[in-house]
Amino acid sequence: MLKIWSMKKEQQKAENAEGTAAGGKKKKVTAAQLRVQKDLSELSLGTTMKTEFPDPDDILSFILYIEPDEGMYRGGRFSFTFNITPNFPHEPPKVQCREKIYHPNIDLEGKVCLNILREDWKPVLNLNAVIVGLQFLFLEPNASDPLNKDAAEDLRSNREGFKRNVRTAMSGGSVKGQTFERVTK
Amino acid sequence: MAAGTVYPASEPTRWKYLDRIRTRPGPYTDESTFDGSVVAETMEKMSILVIGAGGLGCEILKNLALSGFKNIHVIDMDTIDISNLNRQFLFRQSDVGKSKAEVAAKFVMNRVKGVTITPHNCKIQDKDEDFYMQFQIVVCGLDSIEARRWINATLVNMVDEEMEDSLKPLIDGGTEGFKGQARVIYPTMTSCIECQLDMHAPRAAVPLCTLASIPRQPEHCIEWAHVIAWDQEKPFPQLDKDDPEHITWLYQKALLRAQEFNISGVTYSLTQGVVKNIIPAIAATNSVIAAACCNEAFKIASGCAPSLGWPENNYMMYSGNDSIYTYTFKHERKEDCPVCGNLARELIVDPEWTLGELVESFATRPEAQLKKPSIRAEKKTLYMQSPASLEEQTRPNLEKKLVGELGLGEGDEIGVTDPAFATVSFKFRLKFQKA
């Protein structure tokens, strides 16, 4: 057998490394959890966002509330569920809007078209990047990446009409036969 | 040997060439550590663990048994599917539905006399550190990143300064189509799987809006049926990717959508492939990678030649996409690796302390000096400084005692983060000692 241990001891001498963990069956913190903890402690929510943890001991699932203070969605209160898998940050968090809203990039089931939640996710990105991205969707709804095609078409062809539809939908009215949830405070 | 002689030959013949390598030093042998008179015996006493008995695992088991390892364990939670039979050559049609680990162990034991293979038909997470402690080498032939991260973190955490046997070389093989890699990890000494996480190509995903608005490929139509149509119509309460009825539903939805956009190529088997994210496995890639892994295992066990892992190269990538290409290099350790760059340090704590006292103590500890620490244990959020809602929910914990009220025990790990240390987080192992 290769002399691994003597190699390890030599490496330690060279680096004067610190002590490492002891064996046994102790309760260990997983890499995914530690990473989420770090991301959460660095979250900058400002005044327009809040979190809610149904179970504070489970930091892998929570709700994010966004209350835009400018733009077309000003005055609304939107909530998103965040579900983080044990494979985080290799996999992006799963994010879904809880209300049925009128938005070109969010469909009627609450799916969100945000590049970093899917095709452009990288492990170097963090939860803050995701919430900044979500906030941005309310400031700059984007007609070129439509998930709700009707809303995207409205935004593209008639911006003023789209703004009116947003207000109608946010107060619980219907747009083109679809009734939306009231999200104004 | 006469032409047409069928292997296996008699037992002594089978080991003849292997024994030449095991008994005599070669040009690359480090003779200061190599003793040809004991290598065969050392290898026979050694226990080696194979994780996964699938495409790579079948190759690895066969190779190890034929390399002179006598005591092999194999762990796999899966059962044999008919689609495995083209490359997982230890299985026959009559084995469909049986445990992979059990059938593979039996097959190899039958063909290679004198080898003992112990099957474990369970998840790797079902076994504890005592189980993993019995092996000298661990070889992985896995298809899941999650399982790799788990075994990696487990082996890194098991390293005990006082115990030489606690450091187990981890040999990891992986393949995807024509590409693959073989790497050797010396837990806590060299770059670990967590350090190398970015070497795994993320799953290629198509923007959701492309699926929803302008599909261009048959795969887009299938993904649309899978992630959008299913949720809208919920034909069954829960999608079961192994239920033919569910796949048929998706297939028909995808077909209609493909017709609408004039796209051809949606088939039942493509639907199955896209939904289950199946990348066609190639038997030849598996055998190349498994051979590389077992070669490393043999070199580590016998000391006959320098192996991958230490001190230089530790990662061999292989690509058969355009002829054959391999590149071997040293993947460096990550200082801020959450697994190996961040080994739990001992933290002496008064058993009478409240959580609040522990939090305050971090500000003055020379090794940490954390002004705003957030602390979690394995399954409990002790105190988070932010976000605000979590701070509020965990604030009452500050008054509680660590032992008893908060349920912490000797040797438990806590994770500590602080926004002042953006790139690092700390892990501590509690040791209670009266002040």
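For this structure, a couple of remarks:
- Pairwise burial A:B, computed as accessible area of each alone minus the pair, summed, 1.4 Å, Å²: 6200 Å²
- In this simple spin-label approximation, residue B:217 and residue B:324 carry label points 7 Å from Cα along the Cα→Cβ vector, and these lie 2.9 nm apart.
- Accessible area per residue in Å² at 1.4 Å probe, computed on region B:152-295: 42 Å²
- Across region B:208-275, the mean sequence separation of Cα contacts (distance under 8 Å, 6 or more residues apart), normalised by length, yields a relative contact order of 43 percent.
- Projected label distance in nm at residue B:433 and residue B:79, using a 7 Å step from Cα toward the beta-carbon: 5.3 nm
- Surface share of carbon and sulfur [accessible, 1.4 angstrom probe, percent] for chain B: 52 percent
- P(r) weight above 24 Å for chain A, C-alpha pairs, percent: 49 percent
- Using alpha-carbon coordinates, inclination of helix A:159-170 to the longest axis of chain A, degrees: 70 degrees
- Gaussian network model of chain B, Cα within-10 Å springs - most flexible of B:328, B:42, B:116: B:42
- Per-atom-type breakdown for chain A gives carbon and sulfur 48% of the accessible area (1.4 Å probe, protein chains only).
- Cross-link reach list, aspartates and glutamates versus residue B:179, counting only Cα pairs under 15 Å and skipping chain neighbours closer than eight places: B:143, B:322
- Placing R0 at 35 angstrom, the Cβ-Cβ distance between residue B:134 and residue B:200 gives a FRET efficiency of 0.75 after rounding to 0.05.
- Principal axis analysis of the Cα atoms in region A:32-75 yields extents of 36, 20, 13 Å, listed in decreasing size.
- Going from the chain on its own to the full set of protein chains, region B:204-239 has these residues losing 10 Å² or more of accessible surface (heavy atoms, 1.4 Å probe, no ligands, DNA or RNA): B:205, B:206, B:207, B:208, B:209, B:212, B:213, B:223, B:227, B:228, B:231, B:232.
- R0 of 30 Å, Cβ-Cβ distance residue A:160-residue A:185: FRET efficiency to nearest 0.05: 0.80
- Threshold 40 Å², region B:290-318 residues less accessible with all protein chains present than alone (1.4 Å probe): B:300, B:310
- Mean accessible surface per residue for chain A, computed with a 1.4 Å probe while every protein chain stays in place, in Å²: 45 Å²
- Set of lysines with alpha-carbon distance to residue B:106 below 22 Å, sequence-local pairs under 8 removed: B:45, B:62, B:70, B:98, B:123, B:127
- Candidates B:275, B:286, B:300 compared by Cα position along the dipole of region B:247-353: farthest toward the positive end lies B:275, with charges placed on Cβ.
- Per residue, in Å², the accessible surface of region B:27-87 once ligands and nucleic acids are set aside, probe 1.4 Å: 41 Å²
- Ordering B:137, B:363, A:95 by the projection of their Cα atoms onto the charge dipole of the protein assembly as shown, which places +1 on the Cβ of Lys and Arg and -1 on the Cβ of Asp and Glu, puts B:137 at the extreme positive end.
- Mean residue ellipticity at 222 nm, helices only, the protein assembly as shown: -9500 deg cm²/dmol; runs of at least 4 DSSP H residues each add -39,500 (n - 2.57), and the sum is divided by the number of residues.
- In terms of its C-alpha gyration tensor, chain B comes out oblate, because a/c is 1.5 or above while a/b does not outweigh b/c.
- Remark: region B:208-275 projects, on average over all directions, an area of 4.0 nm² (convex hull of Cα atoms).
- Members of region B:372-411 that become less accessible by 50 Å² or more once partner protein chains are added (1.4 angstrom probe, chain alone as reference): B:376, B:378, B:387, B:390, B:393
- The protein assembly as shown - share of DSSP beta bridges that are antiparallel (%, nearest 5): 70 percent
- Computed about the Cα centre, the dipole magnitude for chain A is approximately 500 debye when only Lys and Arg (+1) and Asp and Glu (-1) carry charge, each at its Cβ.
- Here the dipole of chain B is about 1140 debye; that uses its Cα centre as origin and unit charges on the Cβ of Lys and Arg (positive) and Asp and Glu (negative).
- Debye, to nearest 20: dipole size of the protein assembly as shown, +1 on Lys, Arg Cβ, -1 on Asp, Glu Cβ: 800 debye
- Contour excess over end-to-end distance, with Cα ends at residue B:312 and residue B:395 and 0.36 nm allotted per residue: 25.0 nm
- Fluctuation leader among B:151, B:222, B:51 - chain B, Gaussian network, Cα springs under 10 angstrom: B:222
- Estimated inter-spin distance, residue B:259 and residue B:421, nm [label 7 Å along Cα→Cβ]: 6.2 nm
- FRET efficiency estimate (nearest 0.05) - Cβ-Cβ, residue B:13 to residue B:38, R0 22 angstrom: 0.45
- Per residue, the convex hull spanned by the Cα atoms of the protein assembly as shown measures out at 185 cubic angstrom.
- Span from the region B:75-152 Cα centroid across to the region B:273-309 one, whole angstrom: 15 Å
The values are calculated or read from the model by the stated rules, or taken from the named source; none is laboratory data. Every value quoted in this text rests on a predicted model; they were computed, and no experiment measured them. No Cβ is skipped: glycine too gets one built from the backbone with ideal geometry, and neighbour counts run over all protein chains shown. Keep in mind that these areas ignore ligands, DNA and RNA; they rest on the heavy atoms of the full protein, side chains included. Shrake-Rupley method; radii C 1.70, N 1.55, O 1.52, S 1.80 Å.
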